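The structure under discussion appears below in the form of structure tokens.
Every number here is computed from the coordinates shown, using simple stated rules; none is lab data. No experiment lies behind these values; they were computed from the predicted model shown. All Cβ positions, even for glycine, are placed from backbone atoms using ideal geometry, and neighbour counts span all protein chains on display.
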Amino acid sequence: MSGGDMAKPLLGHRSMEGDPSITPAAGRTVGVLGSGDFARSLAIRLVCSGFKVVVGSRNPKRKAGFFPSAAEVTFQADAVKKADVIFVAVFREHYSTLCDLADVLMGKILVDVSNNTEINHHKESNAEYLASLFPACTVVKGFNVVSAWTLQSGARDGNKQVLICSDNQEAKRIVAEIAQVMGFTPVDMGCMSSAREIENIPLRLLPAWKIPIFLALGLFLCFFTYNLIRQVIHPFIREKKNKLYKIPIEVVNTTLPCVSYVMLSLVYLPGVLAACLQLYYGTKYRRFPDWLDQWLQHRKQIGLLSFFCAALHAVYSLCLPMRRSHRYQLIETAVKQAVEKMNIWVEEEVWRMEIYISVGIIALGLLSLLAITSLPSIANSLNWREFSFIQSTLGFIALVISTLHTLTYGWSRAFDENQYKFYLPPTYTLTLLVPCTVILAKIIFNLPCIQQRLLRIRRGWEKGRYVKFVLPSATGEFSSGETSSNV
Ligand code: NAP
């Protein structure tokens, strides 16, 4: 198996039956040093996958009961002698205690499965440290991204990828083969210098989500404070009315759609800015500023958070009639209506509400579609054009429909001076700012004269350089703008 082969998922749809590169691994004797959680799960998985397992412990008698009967539990030196591939399932701090085994370990393959407690904890990676302690052995880094739990569940659940690196191709091939027989997908990460990167992977906490989460929290905080001033503080100061009960549901429920709507527009805004830069410079071969690059890379997470807030908004809205305060207000209105014999049916309000809810449901449906198709397993089943159509075209339609939802919610309130609390306009008017800019920009980019120029730039044309081009028609292959580049 070449390095290139290992980079591809090896299980997938490829049948393992009859593959000559796989059968010899099963039946091989594999050693495991250590008898802790990882060693035990590894031994169970190896036994289930058809390997002979010999576990090396400092206290084999005490630990034997924890292992399957098919695995031999013996002293460390004895175990090492019986296997050519040995998994070192002990912590880095204890590697030096294994130095007594240096003679028996000579010429063997050591698999370093260790993790650290901090990113870049030591100057050299654990695997490089192990290699320095045992120069007569071949060290392979691998299996550290797989948890003891995943090993026990047999790769049916959890992460299936096993990242492997080593300076020795043959040793790497053997370990990759073992991983494959165990039901994992070995991924070649190159030579030993990648060990540090592999060791850092399990320590990362949602790196791609940090910026989008801070963005969502920042927006939530801003809109929440704004709504709090309008819905709670204003009535308290002006009318001495205690409206604190509105905070847990009403204020939160007016904040969530604002965050969701603005976040959705922030998915499409960087594409607009990128297009502006391309038009301005007249080329696509000029790097975007770093902040724009970062923004473009985080669009998926921003979109998913937008969907999350929209889904919460839907649930909160459905729960509004359950509140006691709502019931009291309903009864109060009914009594008032009976006493004053007034007709509270306002045709315009009825229509506004019907359209507002219907449009909101459609927007949520489209956002769900966008969220589902951004999942790797679903995205992999779509071709580029289908993916782009859903994420780009349907996404933009979702933004337009969300704008209609917001406008029908606001209706004429922006022109009612009673709606301006402390001179602050209704929240929905603020949320419209970015989405409407994006929609307007998209409409402008679709004007034939601008669209043609953008298409030419995305096909490689540059301002000031003569390149002969035959463009597809505006309604042709690249008519949806963003499909012709990765923007
Ligand atoms: P553990 O439960 O604490 O087991 C460590 C084992 O190391 C002990 O059972 C002990 O076995 C052995 N050992 C050898 N020399 C030792 C010494 N001088 N002092 C103490 N123990 C010594 O730890 P673990 O969770 O199995 O983790 C083992 C390695 O796997 C670590 O490097 C860890 O980073 C890595 N790992 C673990 C997981 C996981 O999910 N647990 C996931 C990925 C990677 P004997 O007493 O039998 O000698």
### Query
Which FRET efficiency value, to the nearest 0.05, is calculated for Cys191 and Leu312 with the Förster distance at 30 angstrom and r the Cβ-Cβ distance?
0.05
### Query
In terms of the Cα gyration tensor, with a ≥ b ≥ c the square roots of its eigenvalues, is the chain rounded because a/c is under 1.5, prolate because a/b exceeds b/c, or oblate?
prolate
### Message
With 10 angstrom as the radius, rank Ser166, Ser306, Ser49 by how many other C-beta atoms surround their C-beta, starting from the fewest.
### Response
Ser49, Ser306, Ser166
### Task
Report relative contact order for segment 209-459 in percent, whole number only (criteria: Cα-Cα under 8 Å, sequence separation at least 6).
26
### Query
Can you give me the relative contact order of the chain as a percent, contacts being Cα pairs under 8 Å and 6 or more apart?
11
### Task
Using the number of other C-beta atoms within 10 angstrom as an exposure proxy, rank Thr393, Thr117 with the fewest first.
Thr117, Thr393
### Message
For Gln161, what residues show an amide H to amide H distance below 5 Å, using hydrogens built from the backbone and excluding near sequence neighbours?
### Response
Thr185
### Query
Ranked by Cβ crowding within 10 angstrom, fewest neighbours first, how are Ser194, Ser265 ordered?
Ser194, Ser265
### Query
Taking segment 29-203, how many lysine pairs are there with alpha carbons less than 22 Å apart, if each pair must be eight or more places apart or span two chains?
23
### Nearest-ten-degree value, helix 210-228 long axis tilted from longest Cα axis of the chain
30
### Message
Just to be sure I understand the model, the point goes 7 Å from the Cα along the line to the Cβ. What's the resulting Asn383 to Asp167 distance in nm?
### Response
4.7
### Longest segment of the chain lacking GluC sites (Glu not before Pro) that sit in a DSSP loop with at most 14 other Cβ atoms within 10 Å
125-476
### Query
Which cross-chain or sequence-distant (5 or more) residues have an amide H under 5 Å from the amide H of Phe75, H modelled 1.01 Å from N in plane?
Ser57
### Query
Is the shape of segment 209-459 best called rounded, prolate or oblate, per the rule: a/c under 1.5 gives rounded, else a/b larger than b/c gives prolate, else oblate, with a ≥ b ≥ c the square roots of the Cα gyration tensor eigenvalues?
prolate
### Query
Among rounded, prolate and oblate, which fits segment 29-203 when a ≥ b ≥ c are the square roots of the eigenvalues of its C-alpha gyration tensor, a/c under 1.5 means rounded, and a/b larger than b/c means prolate?
rounded
## Note on the structure
Taking R0 as 25 Å and r as the Cβ-Cβ distance between Ala102 and Asn59, the FRET efficiency 1/(1 + (r/R0)^6), rounded to the nearest 0.05, comes to 0.75
### Summary
Expected sort for 37-45, 372-380, 275-283, 404-412 on mean C-beta neighbours within 10 Å, highest first, is 37-45, 404-412, 275-283, 372-380
### Message
Please list, in order along segment 380-394, the HN-Hα scalar couplings obtained from phi with the Karplus expression 6.51 cos²θ - 1.76 cosθ + 1.60 (θ = phi - 60°), rounded to whole Hz, x for Gly and Pro.
### Response
5, 8, 9, 7, 4, 5, 5, 4, 5, 4, 5, 6, 8, 6, 5
### Message
Can you give the local net charge around His94? Use residues other than it whose beta-carbon is closer than 14 angstrom to its beta-carbon, Lys and Arg +1, Asp and Glu -1.
### Response
-1
#### Entry: the chain: calculated mean residue ellipticity at 222 nm from DSSP helix runs of at least 4, using -39500 (n - 2.57)
-15500 deg cm²/dmol
### Message
Using 0.36 nm times the number of residues separating Leu279 and Lys160, minus their current alpha carbon distance, what extension gain do you get?
### Response
38.5 nm
#### Entry: Low-density loop cleavage sites - trypsin sites (Lys or Arg not before Pro) in segment 168-221, where at most 10 other Cβ are within 10 Å (DSSP)
Arg204
